[in-house]
Every structure is written in structure tokens, then in C-alpha cells.
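The structure under discussion appears below in the form of C-alpha cells.
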Amino acid sequence: MTSPGSTTRVRRSVLAVPGSNPRMIDKAKGLAADEVFLDLEDAVAPAAKADARANIVAALNSGGWGTQIRVVRVNDWSTEYTYADVITVVEGAGSELDAILLPKVIDAGQVRALDLLLTQLEKANGLPVGRIGIEPQIENALGLRNIDAIATASPRVQTLVFGPADFMASINMRTLVVGEQPEGYAPGDAYHHIYMTILLAARAHGLQAIDGPYLAVRDIDGFRRNAARTAALGFDGKWVLHPDQITACNEIFSPRQADYDRAEEILDAYAFHTSLAGGARGAVMLGDEMIDEASAKMAQVIADKGRAAGM
Ligand code: GLV
Ligand code: MG
């Protein structure tokens, strides 16, 4: 089952903002990121978690987010922080929160546990039940192995999010640079299997597939190269860690103008010939190219992404 927010809201750029930094949270409100997630996990030191929760509640309640999807990343269930993260944020600002990003998910039970806690909080606080979504983050081998069960564990699940730094560490990959190939493994793409597993699970279950961060924030060319790979495969978006990465990310995860125009042209031509035939028909010619039901579907994918991005 697909959650209401999952396919209708575009998530090309997902900006990570430390919950411990009110100045950065405030600045994030005016930026062009499609989604902003306020972090309580790795960007926040243990001693700063409680203050960060309070910052996040205040920032959500003070508004000014425009059309941005408002998400909070809580700590994973193996810590002592998760329950208080969720309770504090939902009790304090549940009506202003669109989804919880749950890191280091290992199985469906962890998603169900969050779903149950959210349901109780929504009921107890007079919030509509089921509105707050869940974004499970895949960051280890178990999570990847259990991905179908995780994707279908709750109707709240909207996306599947890759966490490349934790993932590569968890499988002992010999690399220190997130997004770049481990030395000695060429030719080939050490990430390909993981990307495709996440993408296929997302498509199989009607969810969005979101790539994780590129950590060399000053290297925009490196970011572009890295983002272009998952965009080409069909991912919906990627994390950004710095405002400078947002414009590039929105552009890379939108169709190119020429492709969008061509897709609309194919759909118009196919619809025209279909109406002439009084219903579905086989292949037709558009210029020198044959188009049929399948190529019209490919065009529909590009057209949908372009329309969602306001092209
Ligand atoms: C993000 O959380 C990562 O581990 O890459
Ligand atoms: Mg991580």
C-alpha cells in the first residue's frame, strides 16, 4: 500500500540539517530543497540530544517552511534515545511534521514499532492517525536483505533511503570516500547491487528511492558525478549537506528539458492515434521513431517527473 505523500510530493533534494544548530535550521527554511530533515542522530553529540529535540520542536512550530517536506531523523532503535526523540517531537510539533526518518533499520519489526508508537501519539494528541510518514534508511547488510519486509511493514512508509557511509562501514568495504569506488575494484561499480536492490524494492512497493550524501561538500563536480549515477538509474532524489549542492541536485533529478519536451510529444502523439483508433492500438510512427504502449509508458515516467518538478 502506498502512503499518500509518497508519489505526489517531489523529493529531488533532501537537505540534512543538524538539530543542534538553530541558525542552520532557520537558514534551511528559505532554501530550495524539496525536503529538509532535522537530524537528531549522527550530526548531534549525545550530550546535545535533549537540546536538539527542543530546537526541532520550536523550529517546526514557528513555521515558514513553505512547500518543503518536514522530516526529523531520530536515533536508531539500538540506542537509548529513539522513544524520547519520537515522543518529544510528535507531542511537541506532530501537526507540523511530515515524516520520521528511521536510520539503520534492520527489519520490519523496527518499522512496525515506530508505526505503533506514532499511532498512539497521534491518538493521544488529537492528530489524524496515519498522516506522519516513515522513511526507513538502509545502512547495513541486514537492512538490505530484509528490504521488502521493511518496505511493506507499514502503510506509513514513503521512501527507502540509502545511507552509504554507514553501509560501506557495516560491510567492511575498504574505502574512506563516500560515493567513490574503493581502490583496486576497477572496472565495476561497488555500489551497483545496493542501488538496484533499493530501487527495485522502492518500485515494487510504490515508494520513492532516495540516495544518501556525498561528503566532499566543496567538490560540486564530484557531487554532480555521484548524483548523476543514481539519477540515471531512476532514483527520485538525493541528500544534500550544503546549500551549494541544492541547485545541482534539483537539476540532476529533474528530466532534461529536451527529454521532457520529447516525452510530452510522444504522449500527445500516442493519445492522438489512440483516440483515432477509438481505444488502445499498437505501434504508431512519430517522425522516424516507432512508439507503442511500452514506449509511451517510458515517456510517461519522464513526463510525470517533469510535471512534478513544475516544468
Ligand atoms: C548517512 O546516514 C550515511 O550513513 O551515509
Ligand atoms: Mg548513516
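The values are calculated or read from the model by the stated rules, or taken from the named source; none is laboratory data. Please read all numbers here as calculations on a predicted model, not as lab measurements. Cβ coordinates were reconstructed from backbone atoms using ideal geometry, including for glycine residues, and neighbour counts include every protein chain displayed. Ligands, DNA and RNA are excluded from the accessible area calculation, which covers all protein heavy atoms including side chains. Shrake-Rupley method; radii C 1.70, N 1.55, O 1.52, S 1.80 Å.
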Cross-link list LYS27/LYS49; LYS29/LYS297; LYS49/LYS305; LYS49/LYS123: which exceed 29 angstrom alpha carbon to alpha carbon? LYS29/LYS297; LYS49/LYS305
Inter-centroid distance (Cα atoms) of the range 61-101 relative to the range 202-256, Å: 23
If you take the C-alpha gyration tensor of the range 109-251, multiply each eigenvalue by 5 and take the square root, what semi-axes do you get, largest first, in whole Å? 30, 18, 13
Size of the dipole of the chain about the Cα centre, Lys and Arg at +1 and Asp and Glu at -1 on the beta carbon, nothing else charged, in debye to 20? 380
So for the range 23-112, what are the equivalent ellipsoid semi-axes in whole Å, largest first, each being the square root of 5 times an eigenvalue of the Cα gyration tensor? 21, 14, 12
Would you calculate the separation in nanometres between label points at ALA186 and GLU264, each defined as 7 Å from the Cα along the Cα-to-beta-carbon direction? 4.1
Accessible surface of the chain [probe 1.4 Å, protein heavy atoms]: carbon and sulfur percent: 56
So how strong a dipole does the range 197-311 carry about its Cα centre when Lys and Arg Cβ are +1 and Asp and Glu Cβ are -1, to the nearest 20 debye? 380
CD proxy at 222 nm, helix term only [per DSSP H run n ≥ 4: -39500 (n - 2.57); per residue of the chain; nearest 500]: -14000 deg cm²/dmol
Convex hull volume of the range 154-214 per residue (C-alpha atoms, cubic angstrom): 87
Normalise the Debye intensity by I(0) for the chain, one equal point scatterer per Cα, no solvent, then take log10 at q = 0.09, 0.12, 0.15 Å⁻¹ and round to two decimals. -0.48, -0.82, -1.20
Out of ALA263, MET311, GLY282, whose Cα points farthest toward the positive end of the dipole of the range 247-311 (charges: +1 Lys, Arg; -1 Asp, Glu; placed on Cβ)? MET311
Per residue, what accessible area does the range 89-227 have, given a 1.4 Å probe and all protein chains present, in Å²? 43
Highest-MSF residue in the chain out of ARG73, ARG156, ARG262 [GNM, Cα springs under 10 Å]: ARG262
Over the alpha-carbon set of the range 240-311, divide Rg by the Kirkwood Rh and report the Rg/Rh ratio to two decimals. 1.14
Which order do you get for LYS27, LYS305 if you rank them by accessible area with a 1.4 Å probe, largest at the top? LYS27, LYS305
So if I place +1 on the C-beta of Lys and Arg and -1 on the C-beta of Asp and Glu, and nothing else carries charge, what would the dipole magnitude of the range 85-129 be about its Cα centre? I want it in debye, nearest 20. 140
Efficiency by 1/(1 + (r/R0)^6): what FRET value for ARG307 and ARG174, r their Cβ-Cβ distance, R0 = 41 Å, to the nearest 0.05? 0.45
DSSP bridge pairs, the chain: antiparallel proportion in percent, nearest 5: 10
